[in-house]
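I have placed the structure first, in the form of structure tokens, so that the comments after it can refer back to it.
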Amino acid sequence: MQALDLCFRTLLSPHDRVLLPFPGFFIDGIVRAAGGALAPFPSPERDAFRPAWGTARDTVAAAKVLFINSPVNPTGYVFDETDLEAALELAEQHDLWIVSDESYSHYVYGHRRHRTISILPGAADRTLIVRSFSKDFAMSGWRVGYLHAPPTIIDDLRRALEWSCLCVSRITQAAALAALEGPRDWIAAFVDESEVRAGFLADAINDIPDLSCRPPAGGLNLLVRYAETNPDAIDDLIINAGVPAHPGEAFGAPGYFRLQFGASHESLARAVDRIREWQLRRIHRESSVARA
Ligand SMILES: Cc1ncc(COP(=O)(O)O)c(C=O)c1O
């Protein structure tokens, strides 16, 4: 998160805009703190949440940065070559920096592969890549990650970092080093397990009346359509049903909520039971109101 903050504090001047596909990872607060504003364009569900690159041209005015995140939190969409080429073409045409959040790059399912935009010819000079130990090494809570940036911008990034926290704490650096030097064989097994959990959760959610979702192609998140714009319904799901859901509004997706499937199979099964009960209660309530 700090790497993202650093990118925008370094790249943006007041009133610069950040172009990004929505639903997507919500960086509004970070961008506003850096004096900028978001310029979202859609990633429609009917296209499996693929960004509608053609429409980005309508919102590109005053944009300085294109923010991309693949696999996407919360939709689980994974960019393919067409997306990467469209993103680079847009950035080149409008002379944009690209901030590429690749935090979930290990978590890509089925026949797909994660590709970083920086391997496309001409991309590396304008691309800053953000990655997180939270996902790469299942170290959420340690809040450590890293940034890969072109040499032309490194000094500016370093100066911006010196005026915030200087560096991550020594104990966190030691934990990160242990992760880098430790065994890696567990990662592939954890990714396989995550794919199984994704499939289980998506099937179970699609089995509940009036809830639907697309099985995620990557990442650790699932976006569920529940067809209601009252965010209180999600408060009820969190507080009364005890499911740690996230309202879709937080990702530019009203009428949806996000679930994470990093937990054990047993926890996910328990969450599904609670979501089913919550949904059946809602349906029952609505039909009682309709009858009255
Ligand atoms: C897409 C994305 N980027 C960045 C982060 C922040 O990661 P960290 O735990 O390293 O702060 C998250 C956290 O969930 C995320 O989903």
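The values are calculated or read from the model by the stated rules, or taken from the named source; none is laboratory data. Everything quoted here is computed from the prediction, not taken from an experiment. Here Cβ is always computed from backbone atoms with ideal geometry, including for glycine, and neighbour counts include all displayed protein chains. Remember, those area values only see protein heavy atoms, side chains included, never the ligands or the DNA or RNA. Shrake-Rupley method; radii C 1.70, N 1.55, O 1.52, S 1.80 Å.
Numbers below:
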read-out: Which numbered condition VAL130 fails, given (1) in contact with a Cys (Cβ under 8 Å, 6 or more places away or on another chain); (2) open to solvent by 50 Å² or more (accessible area, probe 1.4 Å); (3) hydrophobic (A, V, I, L, M, F, W, C); value: (2)
read-out: Failed item, numbered, when ALA33 is tested on (1) open to solvent by less than 60 Å² (accessible area, probe 1.4 Å); (2) more than 25 Å from CYS213 (Cα to Cα); (3) touching a Phe, Trp or Tyr at 6+ places or on another chain (Cβ under 9 Å); value: (1)
read-out: Given (1) out of contact with any Lys or Arg (no Cβ under 8 Å at 6 or more places or on another chain); (2) surrounded by 13 or more Cβ atoms within 10 Å (Cβ to Cβ), index of the condition TYR146 fails; value: (1)
read-out: Meets criteria (exposed (fewer than 11 other Cβ atoms within 10 Å of the Cβ) and either in contact (Cβ under 8 Å) with a residue 60 or more places away in the chain or within 30 Å of ARG126 (Cα to Cα) (or both)) for PRO215; value: no
read-out: Region 39-90 - residue that is within 15 Å of the ligand (Cβ to nearest atom) and among the hydroxyl-bearing types (Ser, Thr, Tyr) and, of those, farthest from ARG214 (Cα to Cα); value: SER70
read-out: Any hit, region 159-168, residues being assigned to a helix (DSSP H, G or I), surrounded by 10 or more Cβ atoms within 10 Å (Cβ to Cβ), within 15 Å of the ligand (Cβ to nearest atom) and β-branched (Val, Ile, Thr); value: no
read-out: Pair list, Cβ < 6 Å and 6+ apart or interchain, from region 265-292 residues that are without any contact (Cβ under 8 Å) to a residue 24 or more places away in the chain and open to solvent by 70 Å² or more (accessible area, probe 1.4 Å) to residues that are assigned to a helix (DSSP H, G or I) and among the acidic types (Asp, Glu); value: none
read-out: Tally, over region 89-106, of residues that are over 17 Å from the mean Cα position of the chain (by Cα) and open to solvent by 10 Å² or more (accessible area, probe 1.4 Å); value: 6
read-out: Selected residue (criterion: nearest to PHE261 (Cα to Cα)) from residues of region 100-143 that are more than 8 Å from the ligand (Cβ to nearest atom) and among the hydroxyl-bearing types (Ser, Thr, Tyr); value: TYR107
read-out: So ALA245, is it surrounded by fewer than 17 Cβ atoms within 10 Å (Cβ to Cβ) and either hydroxyl-bearing (Ser, Thr, Tyr) or within 23 Å of TYR104 (Cα to Cα) (or both); value: no
read-out: Answer residue from region 107-123, given it is of a type outside the set (Lys, Arg), without any contact (Cβ under 8 Å) to a residue 40 or more places away in the chain and part of a loop (DSSP other than H, G, I, E, B) and is least open to solvent (accessible area, probe 1.4 Å) among those; value: ALA123
